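Trainee: First, the structure itself, so that you have it in front of you.
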Number of protein chains: 2
Amino acid sequence: MNTAQPAKRIHSFHPPQRTLLGPGPSDIHPRTIAAMGQPVVGYLDPIFVEMMDELKTLLRYAYRTENALTFPGSGPGSVGMETCFVNLVEPGDKVIVCRNGVFGGRMIENVERCGGTPVVVEDAWGEPVDPQKVEDAFKAHPDARILAFIQAETSTGCASDARTLAALAHRFGALSIVDAVTSLGGSELRVDEWGLDAVYSGSQKCLSCTPGLTPLTFSEAALARIKARRHKVQSWFMDLNLVLEYWGNTKRTYHHTAPINGLYALHEALLLLREEGIDNAWTRHQRHHAALKAGLEAIGLRFVVREASRLPQMNAVYIPEGINDLDVRRRLLADFNLEIGAGLGPLAGKVWRFGLMGYSCRAENVMLCLSALGSVLADMGYPVEVGHAEAAAHAVYAAQHAEAARNKHK
Amino acid sequence: MNTAQPAKRIHSFHPPQRTLLGPGPSDIHPRTIAAMGQPVVGYLDPIFVEMMDELKTLLRYAYRTENALTFPGSGPGSVGMETCFVNLVEPGDKVIVCRNGVFGGRMIENVERCGGTPVVVEDAWGEPVDPQKVEDAFKAHPDARILAFIQAETSTGCASDARTLAALAHRFGALSIVDAVTSLGGSELRVDEWGLDAVYSGSQKCLSCTPGLTPLTFSEAALARIKARRHKVQSWFMDLNLVLEYWGNTKRTYHHTAPINGLYALHEALLLLREEGIDNAWTRHQRHHAALKAGLEAIGLRFVVREASRLPQMNAVYIPEGINDLDVRRRLLADFNLEIGAGLGPLAGKVWRFGLMGYSCRAENVMLCLSALGSVLADMGYPVEVGHAEAAAHAVYAAQHAEAARNKHK
């Protein structure tokens, strides 16, 4: 056996400074990076425990909820998803799952692996979940105990109407599991007002925090369902009955070692969000989306999702005929340090996904993106006048400024 | 509903600089902290993918293995544990689990939640796993498919003989699942030479990296077992068949967003380990353990584990009669910014656990620890002469230096 020294010499790793306009991670604010680099303390250090309480308060602010059970799970968004399913689904449970992109499919997998029976409501990729189909599914399966859907489908950039869907679930005596990975902090999400029961998100999208944390919130009804389970939760790590011994309000006891530095970062990222104000953050995503959209359309690119259902923070457009997906993305990365997102699943090679999430969602990034894309496409012989897209975005910003000035002087 | 502003004003969080001599997290090396704070890049960025390959190489070095399937899982050590169990245990499988502390108990939970049948081999807390009992268990249950044990029991500081136990498993046609959370990087661990099949660890112990990552390695036999499963792995997130689409050697595809900054940190932490040399790291833990032990014994403290089975990186000693556990730990934290570990389970309030892990394992920390503990205990009326423990540790270091000088001039 030879494990003495690897053949290739390995040095310290120094990544370049990218601009991240893909599906996440998004750029991290310097304050958040600095927070993360602070000295590690113990996971039961009284000073840390105090910070955990602040984190829960800040997360409630971001989620627009007063749910006691609101905390950051120690894992990526897919751990958030699985935490919701393993705790709320019992063997034999019927779960209505809405699929209109990649992540609905992942939900189906989760239901099956929990021993549940998924009832799938299908909508086309790029279409929002159709509430009528959900209602029909509930009528056909009145014993369904849960409705699960994606509020903001990252694979297509499509928003579904979480309020209407959650209300349907309640009407039929079911709870809702809602994927808010891409929505939290980027577009309207009101957990209490809309009556959502179990919601998970990710740290690396519109919160612009380091990847690897999953904000979670559960209504009283969801918690009651978990406490009334007949079977043990199949995951030890994600069993909320155990996790709560650490994150709950009573005496804290060890469950697993929390990702301390990541939690420092999340605290600062949520503080930045609260300083800006959640409504202002939602508006900011809309403003820059409008400018990006004008620029992309000036280039001649067509959106996957129709206007009414478009997510401002995730813009999926079709790749023009004759243009090679990978060539363009490689050029953007190599020449401009700019990352944009590729298509997933059936949309691979067919669409680009432009994320404008959290700290990435800034005018300088919109202009860089349009400028870089215009120049790369022109180089490849695509009929676009360099500077045209930037002019279109500029016009949108100018109009926004004029309106802001008018409103100010009213 | 009122979620406008939390009542309490929340500011940026600034933790103090602690010295961490508990059960982990350990102090993080400045280079590792700096690596973590570098700009985030996409999880499929070619530059990042190259770093992932280096990470796997470095982990193979640390684990002393050539296992292809060696990578850092996205979660704490308990995700590592659960990843091993959900992938290797199928419903109905019999698993021999050795329990001699907290973490064996967690393994039993894992087996049960996977639908397996645990056959428990019990040893007293503080005693190593008795190979004779394991052999007897295999003889009584020749159909057992897996042997699971903790190499380094963090709750007591006891080492078990991983080589002998793994050989027993193979003799009876079973695979081994080995918890190396506290051993990796701190005491001898040779995955290939000892024939271990599935091994997990944590980033925040002797690797002195940020918490939240779990180095994993699987033998060919373990991988074959996983590929031959009759049932789907019950966890979507931990299903190695899926995780490998991202971490495997073929074309990388999205599974979940990797904890990018944490992985930067792990890369640097492993580089530090390789620069030191794994054997040198093992020796360093022994050297400082000897000094700490001399000091603790000079104070009159008695070890939980007998000498032959003591882990150098985790020193559990009984709290003297009449001394209040919490008072001492609070004083150490408040006056000296020093964290030591409390007892877990039946040992709560009865023992202290002094960790000397990774970057925390340094002479200055040993001396600080003895000095702080001596002075706090003296203050509380415990009969100890201040300076006595430091002198005992000093004598050990002086002897080590003298021997090193002799060896050098030979």
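The values are calculated or read from the model by the stated rules, or taken from the named source; none is laboratory data. None of the values given here were measured: they were computed from a predicted structure. Cβ coordinates were reconstructed from backbone atoms using ideal geometry, including for glycine residues, and neighbour counts include every protein chain displayed.
Trainee: B:C84 versus (1) part of a helix (DSSP H, G or I); (2) surrounded by fewer than 24 Cβ atoms within 10 Å (Cβ to Cβ): which is the lone unmet condition?
Mentor: (2)
Trainee: Restricting the search to region B:44-59, which residues are within 7 Å of another protein chain (Cβ to nearest Cβ) and surrounded by 23 or more Cβ atoms within 10 Å (Cβ to Cβ)?
Mentor: Answer for region B:44-59, where residues must be within 7 Å of another protein chain (Cβ to nearest Cβ) and surrounded by 23 or more Cβ atoms within 10 Å (Cβ to Cβ): just B:L58.
Trainee: Quick one: is B:A221 farther than 28 Å from B:G262 by Cβ and in contact (Cβ under 8 Å) with a residue 60 or more places away in the chain?
Mentor: Against the criterion (farther than 28 Å from B:G262 by Cβ and in contact (Cβ under 8 Å) with a residue 60 or more places away in the chain), B:A221 does not qualify.
Trainee: Suppose the filter is in contact with a Leu (Cβ under 8 Å, 6 or more places away or on another chain) and not small (G, A, S); does B:V129 pass it?
Mentor: In short, yes.
Trainee: Same structure, new question: State yes or no: is B:V111 over 21 Å from A:F237 (Cβ atoms) and either without any contact (Cβ under 8 Å) to a residue 24 or more places away in the chain or touching a helix residue (DSSP H, G or I) at 6+ places or on another chain (Cβ under 9 Å) (or both)?
Mentor: no
Trainee: So for region A:265-287 (the condition being within 11 Å of chain B (Cβ to nearest Cβ), β-branched (V, I, T) and farther than 21 Å from A:P211 by Cα), does at least one residue qualify?
Mentor: No, that holds for no residue.
Trainee: Specify the residue that is nearest to the other protein chains (Cβ to nearest Cβ); the eligible residues are those in region A:60-69 that are buried (at least 18 other Cβ atoms within 10 Å of the Cβ) and over 18 Å from A:E275 (Cα atoms).
Mentor: Going through the qualifying residues, I end up with A:N67.
Trainee: Looking at region B:159-260, what helices (runs of 4 or more DSSP H) fall wholly within it and have at least 2 residues that are within 13 Å of another protein chain (Cβ to nearest Cβ) and either modelled with pLDDT of 95 or more or within 18 Å of the chain's Cα centre (by Cα) (or both)?
Mentor: Correct list: B:191-194.
Trainee: Checking the conditions here, which among A:V134, A:V121 is away from chain B (no Cβ under 12 Å) and in a helix (DSSP H, G or I)?
Mentor: Testing whether each residue is away from chain B (no Cβ under 12 Å) and in a helix (DSSP H, G or I) leaves just A:V134.
Trainee: So, one more: Can you tell me which residue among B:G349, B:G343 is under 20 Å from the mean Cα position of the chain (by Cα) and within 14 Å of chain A (Cβ to nearest Cβ)?
Mentor: From the options B:G349, B:G343, the qualifying one is B:G343.
Trainee: Which condition does B:P30 not pass, out of (1) more than 7 Å from chain A (Cβ to nearest Cβ); (2) in contact (Cβ under 8 Å) with a residue 12 or more places away in the chain, if it passes all the others?
Mentor: Going through the list (1) more than 7 Å from chain A (Cβ to nearest Cβ); (2) in contact (Cβ under 8 Å) with a residue 12 or more places away in the chain, B:P30 breaks only (2).
Trainee: Right, something else. Quick one: what pairs do we get from region A:377-400, first residue within 21 Å of A:L326 (Cα to Cα) and among the hydroxyl-bearing types (S, T, Y), second surrounded by 13 or more Cβ atoms within 10 Å (Cβ to Cβ) and modelled with pLDDT of 95 or more, C-beta under 9 Å, 6+ apart or different chains?
Mentor: A:Y382/A:I299; A:Y382/A:G300; A:Y382/A:P320; A:Y382/A:I323; A:Y382/A:V376
Trainee: Another one. If you go through region B:360-369, how many residues are within 19 Å of the chain's Cα centre (by Cα) and over 15 Å from A:G42 (Cβ atoms)?
Mentor: Within region B:360-369, residues that are within 19 Å of the chain's Cα centre (by Cα) and over 15 Å from A:G42 (Cβ atoms) number 2.
Trainee: Which residue is surrounded by the fewest Cβ atoms within 10 Å (Cβ to Cβ), if the candidates are limited to region B:309-334 and must be out of contact with any helix residue (DSSP H, G or I) (no Cβ under 7 Å at 6 or more places or on another chain) and closer than 30 Å to B:A281 by Cα?
Mentor: B:Y318
Trainee: Within region A:37-67, which residues are small (G, A, S) and more than 25 Å from A:M107 (Cα to Cα)?
Mentor: Selection gives A:G37, A:G42.
Trainee: Filter region A:25-81 down to residues that are part of a helix (DSSP H, G or I) and of a type in the set (D, E, K, R) and give me whichever is nearest to the chain's Cα centre (by Cα).
Mentor: A:R60
Trainee: Follow-up question, since we're still on this one. So which residues in region A:300-342 are β-branched (V, I, T) and more than 17 Å from A:N365 (Cα to Cα), if there are any at all?
Mentor: The answer is A:V304, A:V305, A:V317, A:I319, A:I323, A:V328.
Trainee: Condition (residue is at pLDDT 95 or above and farther than 23 Å from B:L333 by Cβ) applied to region B:16-31: is it met by at least one residue?
Mentor: Yes, because at least one residue in region B:16-31 is at pLDDT 95 or above and farther than 23 Å from B:L333 by Cβ.
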